[in-house]
Amino acid sequence: MLEIKDLTVEVKGKEIIRDLTLNIERGEVHVLFGPNGCGKTTLLMTILGLPNYKVTGGIMTFKGVDIINLPTNERVKLGMGMSFQHPPVIRGVKLGDMVNIAQGRKEERIDENLIVLAKRLNISVDFLNRDVNLGFSGGEVKRSEILQLLAQSPDFIMFDEPDSGVDVENIELIGGIMSELLDRNKRPSKRKKAGLIITHSGSIMRHIKVDRAHVMLEGRIACSGMPDEITKNVMESGFEKCVELCSKEVGTE
Amino acid sequence: MTKKELIERAGRAKTKKAALGEDIAIENFVTGREHDALNSLDEFPEEYQQDLLDAGIEPSEKDRSGSFLQRDCSVVFSTVKYPGLELMSTTDALKEHDWLKGYLWKAVPVDMDKYTAEVELEQTHGYFIRSEAGKKVTMPVQSCLFITTDKIGQKVHNIIIAEEDSELHIITGCSVSHAVNSALHLGVSEFYVKKGAKITFTMIHNWSRGMEVRPRSAVVIEDDGAFISNYILMTPVKSLQMYPTAYCVGRNARATFQTIIYAHGDTKIDSGSRAVLRGEGSRSEIISRVIAADNATVIARSDVIGEGANAKGHIECRGLMLSDTAEVDSIPELKATRKDLDLSHEAAVGKVAEEEIQYLMARGLSEEEATSVIIRGFLNVDITGLPDALARETKKMFDMSLEKVM
Ligand SMILES: Nc1ncnc2c1ncn2[C@@H]1O[C@H](COP(=O)(O)OP(=O)(O)O)[C@@H](O)[C@H]1O
Ligand SMILES: [Mg+2]
């Protein structure tokens, strides 16, 4: 579904990602670990095509379409979606409005089904009437992002740290709904969606099954492997050590 | 003050320049010919019907308790459908009610400046609206001041009275025909909110590039009275200066001003709202949203003066710049004269944030659509205090005016 080869990205003239290669097939979910500032968010923003993220080399295709010069909304139309780590406040634009926009609805009223989904995320109708992200707690931001994704229902979904700043109960709730969004509860042959999850803490890993894990260091994928093993190594020994172990066993990709 | 004294005072103020706004040569504008009266608003010429709608006026009079239309300097239509409500030209009202002269120039000084003086000396009607004591007229009254002739100087004096424990909701539109290149609107409005009464006043200014506009408004609010003003201006205007003032004189008197301005073209606006909190426990809220595009310049003022015990006032002004050749001056002022007051203000002027556009694009909108959603959101103040149907309608009127400019 998503093919990235030798991707190099600059932000404000500074190279953040270098020669990065990553393939995510339909039906697959990958997780990306990495220390703060290694370029995880930059990678997601680049895949989504936000203007400050300048691709200076490499290839990027989505569903077989070369997307490098495609504006963000065109990529979204092709079926991409993203849950932001730090989404901005938009005054006067309510969460409910965002849900309608994500769903492509022109009406002001919110789809009944989405109100039901909102309830599952512990989002009340009152909350839907609040200005998006204004005064939201960490957990509320994540749940609001996920509700918007439920409305949008993309084929390929990127989650930027869905577990940071979220309490244990909510991580479980969010993990469950992410699993649904990503067809995790279906038999592998029936899985149509794909995803890329960024996690710093790794705590979301207990609530969602993924197919492959990567560790990112200084703008490159330093090692890749089976999720259980990588998660364990990262959690127990840290990013650098994990990469060391990784290269001993399988060699870098 | 007797009529003679008023005329004398006005005479002395005839050349008194206004404290704010550029000086207008009133003598360049004329009174013009009389227009024929209408039997219904539908009879108003087809070419102006859209402008009526744009000013929030419902030509069918559906869901309106009364309607008033003044064309240039002639009152062409005035009806009342609701008992307990009075609506007519101020000129007629003064003939009908001898007591009414006691309300003239009580809230706005006749010698405030040359414009108030001109309205006293050369008045061309205006409307009188009154709700009787205890009558809650929940269906809105609509009134429209319309200019259809070039070089007209419209000089109206409006008096609005909500008697004790009554309720009055007014939609008022000012509009101008596209054929008019240059005209002047001077409008004095004096509001009296008696004990326990309430007035909501939703005003849409639908001006055009050649209009010079100098409203002079003041409100006197007694014990437990409430006044809510919603002001919307989305069309260009040559020059507009106003600074309506609410005097909360009674205990727990409340005043709210909400102002939404989208200034574009070569528009020059100096607009403020002032609340004087004299009554014990009186409260005011001044909210404004100003967008400046093209070469527009806007001075957005707000002023709260706290004089009564436990008075409370808040100002919230936000500006959004859409152009490097536009200008916004946001001037919030607070004046406290005792210690048990609670006065505050927040003001901010910014541009459309790149980050917000990107966020919306990530939900599927184009850059243009995203910008428009942000602007809409910026201007979206929750209108409180209006009856449900009127709140919905105001929202619709607002959406329509916005649609026209975007
Ligand atoms: N808008 C930006 N302006 C300047 N530097 C940026 C910007 N975005 C990211 N960076 C820099 O790029 C690097 C990677 O950041 P980021 O992708 O946010 O890392 P991560 O998500 O892995 O914590 C950091 O050094 C950060 O300072
Ligand atoms: Mg990040």
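For region A:26-82, how many residues are within 14 Å of chain B (Cβ to nearest Cβ), under 24 Å from residue A:163 (Cα atoms) and away from ligand 1 (no atom under 11 Å from the Cβ)?
8
Checking the structure you have, find out if any residue of region A:203-210 is open to solvent by 70 Å² or more (accessible area, probe 1.4 Å) and within 16 Å of ligand 2 (Cβ to nearest atom). Give the steps one after another, and end with the answer.
Initial filter on region A:203-210 (open to solvent by 70 Å² or more (accessible area, probe 1.4 Å)): A:206, A:209.
Filter again for within 16 Å of ligand 2 (Cβ to nearest atom), leaving none.
No, that holds for no residue.
Give just the number: which of (1) within 8 Å of chain A (Cβ to nearest Cβ); (2) closer than 26 Å to residue B:265 by Cβ does residue B:368 not satisfy?
Of the numbered conditions (1) within 8 Å of chain A (Cβ to nearest Cβ); (2) closer than 26 Å to residue B:265 by Cβ, the odd one out for residue B:368 is (1).
Which residues, taken from region A:30-65, are touching a residue at least 40 places away in the same chain (Cβ under 8 Å) and of a type in the set (A, V, I, L, M, F, W, C)?
The answer is A:31, A:32, A:33, A:38, A:43, A:44, A:47, A:48, A:55, A:59, A:60, A:62.
Does at least one position in region A:170-187 carry a residue that is within 16 Å of ligand 1 (Cβ to nearest atom), farther than 25 Å from residue A:17 by Cα and among the acidic types (Asp, Glu)? Explain how you work it out, then say what you get.
Initial filter on region A:170-187 (within 16 Å of ligand 1 (Cβ to nearest atom)): none.
No: zero hits.
Looking at B:232, B:228, B:260, which is the one that is over 20 Å from residue B:158 (Cβ atoms) and of a type in the set (A, V, I, L, M, F, W, C)? Quick ask: steps written out before the conclusion?
Numbers: B:232 fails: over 20 Å from residue B:158 (Cβ atoms); B:228 fails: over 20 Å from residue B:158 (Cβ atoms).
Unique residue meeting the criteria: B:260.
Please go through region B:188-217 and pick out each residue that is of a type outside the set (A, V, I, L, M) and in contact with a helix residue (DSSP H, G or I) (Cβ under 8 Å, 6 or more places away or on another chain). Steps first, answer last, please.
Residues of region B:188-217 of a type outside the set (A, V, I, L, M): B:189-192, B:194-196, B:198, B:200-202, B:205-210, B:212, B:214-217.
Scanning region B:188-217 gives B:190, B:192, B:200, B:202, B:206, B:214, B:216.
When residues of region A:1-25 are filtered for being among the hydroxyl-bearing types (Ser, Thr, Tyr) and either within 17 Å of the chain's Cα centre (by Cα) or more than 14 Å from ligand 1 (Cβ to nearest atom) (or both), how many remain? So that I can check it myself, show each step before the final result.
Kept after step one, since they are among the hydroxyl-bearing types (Ser, Thr, Tyr), are these residues of region A:1-25: A:8, A:21.
Retained after the next criterion (residues that are either within 17 Å of the chain's Cα centre (by Cα) or more than 14 Å from ligand 1 (Cβ to nearest atom) (or both)): A:21.
Total meeting the criteria: 1.
What number goes with the only condition from (1) open to solvent by 10 Å² or more (accessible area, probe 1.4 Å); (2) in contact with a Lys or Arg (Cβ under 6 Å, 6 or more places away or on another chain) that residue A:89 does not pass?
(2)
Looking at the structure I just gave you, is residue A:148 closer than 20 Å to residue A:29 by Cβ, within 12 Å of another protein chain (Cβ to nearest Cβ) and open to solvent by 10 Å² or more (accessible area, probe 1.4 Å)?
Details: closer than 20 Å to residue A:29 by Cβ: yes; within 12 Å of another protein chain (Cβ to nearest Cβ): yes; open to solvent by 10 Å² or more (accessible area, probe 1.4 Å): no.
Judged against the criteria, residue A:148 is not a match.
Any residue that is facing chain B (nearest Cβ under 7 Å), touching a Phe, Trp or Tyr at 6+ places or on another chain (Cβ under 9 Å) and assigned to a helix (DSSP H, G or I) - is there at least one of those in region A:86-96?
No, region A:86-96 has no match at all.
Run down B:309, B:389 and say which single residue is free of Cβ contacts under 8 Å to residues at least 40 places away in the same chain and either open to solvent by 30 Å² or more (accessible area, probe 1.4 Å) or away from every other protein chain (no Cβ under 14 Å) (or both). So that I can check it myself, show each step before the final result.
On the way: B:389 fails: free of Cβ contacts under 8 Å to residues at least 40 places away in the same chain.
Only one candidate qualifies: B:309.
Within region A:18-74, restricting attention to residues that are within 16 Å of ligand 2 (Cβ to nearest atom) and assigned to a loop (DSSP other than H, G, I, E, B), which residue is most open to solvent (accessible area, probe 1.4 Å)?
A:36
For region B:211-231, enumerate the residues that are assigned to a loop (DSSP other than H, G, I, E, B) and open to solvent by less than 10 Å² (accessible area, probe 1.4 Å). Spell out the reasoning first.
Filtering region B:211-231 down to residues assigned to a loop (DSSP other than H, G, I, E, B) leaves B:222-225.
Listed by number, the list holds a single entry, B:225.
Do you know which residues across region B:156-169 are open to solvent by less than 10 Å² (accessible area, probe 1.4 Å) and part of a strand (DSSP E or B)? Explain how you work it out, then say what you get.
Within region B:156-169, the subset open to solvent by less than 10 Å² (accessible area, probe 1.4 Å) is B:156-162, B:166, B:168-169.
Answer for region B:156-169, where residues must be open to solvent by less than 10 Å² (accessible area, probe 1.4 Å) and part of a strand (DSSP E or B): B:156, B:157, B:158, B:159, B:160, B:161, B:162, B:168, B:169.
Residue check: is residue B:404 within 14 Å of chain A (Cβ to nearest Cβ), surrounded by fewer than 19 Cβ atoms within 10 Å (Cβ to Cβ), of a type in the set (Lys, Arg) and over 27 Å from residue A:81 (Cβ atoms)? Even if it seems obvious, please write down each step before you answer.
Values: within 14 Å of chain A (Cβ to nearest Cβ): no; surrounded by fewer than 19 Cβ atoms within 10 Å (Cβ to Cβ): yes; of a type in the set (Lys, Arg): yes; over 27 Å from residue A:81 (Cβ atoms): yes.
Spelling it out, it is not the case that residue B:404 is within 14 Å of chain A (Cβ to nearest Cβ), surrounded by fewer than 19 Cβ atoms within 10 Å (Cβ to Cβ), of a type in the set (Lys, Arg) and over 27 Å from residue A:81 (Cβ atoms).
Quick one: residue A:112 ticks every box in (1) touching a residue at least 12 places away in the same chain (Cβ under 8 Å); (2) more than 16 Å from ligand 1 (Cβ to nearest atom) bar one, so which box is it?
The failed condition is (1).
Being among the hydrophobic types (A, V, I, L, M, F, W, C) and within 14 Å of chain B (Cβ to nearest Cβ) is the filter; apply it to region A:151-183 and report the residue that is surrounded by the most Cβ atoms within 10 Å (Cβ to Cβ).
Filtering region A:151-183 for residues among the hydrophobic types (A, V, I, L, M, F, W, C) gives A:151, A:156-159, A:166, A:168, A:171, A:173-174, A:177-178, A:181-182.
This time we only want the ones that are within 14 Å of chain B (Cβ to nearest Cβ), so: A:151, A:156-159.
Numbers: A:151: 23, A:156: 23, A:157: 23, A:158: 26, A:159: 30.
The selected residue is A:159.
Taking residue B:172 as the residue in question, decide whether it is surrounded by fewer than 17 Cβ atoms within 10 Å (Cβ to Cβ) and assigned to a strand (DSSP E or B). Can you show your working first?
On the way: surrounded by fewer than 17 Cβ atoms within 10 Å (Cβ to Cβ): no; assigned to a strand (DSSP E or B): yes.
No; evaluated as a whole, the condition is false for this residue.
Sort through B:52, B:94, B:104, B:85 and tell me the only one that's open to solvent by less than 30 Å² (accessible area, probe 1.4 Å), over 19 Å from the mean Cα position of the chain (by Cα) and of a type in the set (A, V, I, L, M).
On the way: B:52 fails: over 19 Å from the mean Cα position of the chain (by Cα); B:94 fails: open to solvent by less than 30 Å² (accessible area, probe 1.4 Å); B:104 fails: over 19 Å from the mean Cα position of the chain (by Cα).
Just a single option satisfies the conditions, and that option is B:85.
With the structure loaded, tell me whether residue A:198 is among the aliphatic types (A, V, I, L, M), crowded, with 18+ Cβ neighbours inside 10 Å and away from ligand 1 (no atom under 16 Å from the Cβ) or whether it fails that test.
On the way: among the aliphatic types (A, V, I, L, M): yes; crowded, with 18+ Cβ neighbours inside 10 Å: yes; away from ligand 1 (no atom under 16 Å from the Cβ): no.
No: the conditions fail for residue A:198.
Report whether or not residue A:77 is at positive phi, open to solvent by 10 Å² or more (accessible area, probe 1.4 Å) and away from ligand 2 (no atom under 16 Å from the Cβ).
Working: at positive phi: no; open to solvent by 10 Å² or more (accessible area, probe 1.4 Å): yes; away from ligand 2 (no atom under 16 Å from the Cβ): yes.
For residue A:77, the condition - at positive phi, open to solvent by 10 Å² or more (accessible area, probe 1.4 Å) and away from ligand 2 (no atom under 16 Å from the Cβ) - is not met.
Going through B:100, B:94 one at a time, which residue ends up being without any contact (Cβ under 8 Å) to a residue 60 or more places away in the chain, in contact with a helix residue (DSSP H, G or I) (Cβ under 8 Å, 6 or more places away or on another chain), of a type in the set (A, V, I, L, M) and within 22 Å of residue B:246 (Cβ to Cβ)?
Numbers: B:94 fails: within 22 Å of residue B:246 (Cβ to Cβ).
The match here is B:100.
Do we find a residue being of a type in the set (Gly, Ala, Ser), touching a strand residue (DSSP E or B) at 6+ places or on another chain (Cβ under 8 Å) and crowded, with 16+ Cβ neighbours inside 10 Å anywhere in region B:34-44? It would help to see each step written out before you state the result.
Pass one, region B:34-44, residues of a type in the set (Gly, Ala, Ser): B:37, B:40.
Subsequent filtering for residues that are touching a strand residue (DSSP E or B) at 6+ places or on another chain (Cβ under 8 Å) retains B:37, B:40.
Subset that is crowded, with 16+ Cβ neighbours inside 10 Å: none.
Checked against the condition, which is being of a type in the set (Gly, Ala, Ser), touching a strand residue (DSSP E or B) at 6+ places or on another chain (Cβ under 8 Å) and crowded, with 16+ Cβ neighbours inside 10 Å, region B:34-44 yields no hits at all.
The values are calculated or read from the model by the stated rules, or taken from the named source; none is laboratory data. The structure displayed is predicted, hence computed values, not measured ones. FYI the Cβ positions are ideal-geometry reconstructions off the backbone, even for glycines, and counts take in every protein chain you see. Just the protein is used for accessible areas: all its heavy atoms, side chains included, with ligands, DNA and RNA removed. Shrake-Rupley method; radii C 1.70, N 1.55, O 1.52, S 1.80 Å.
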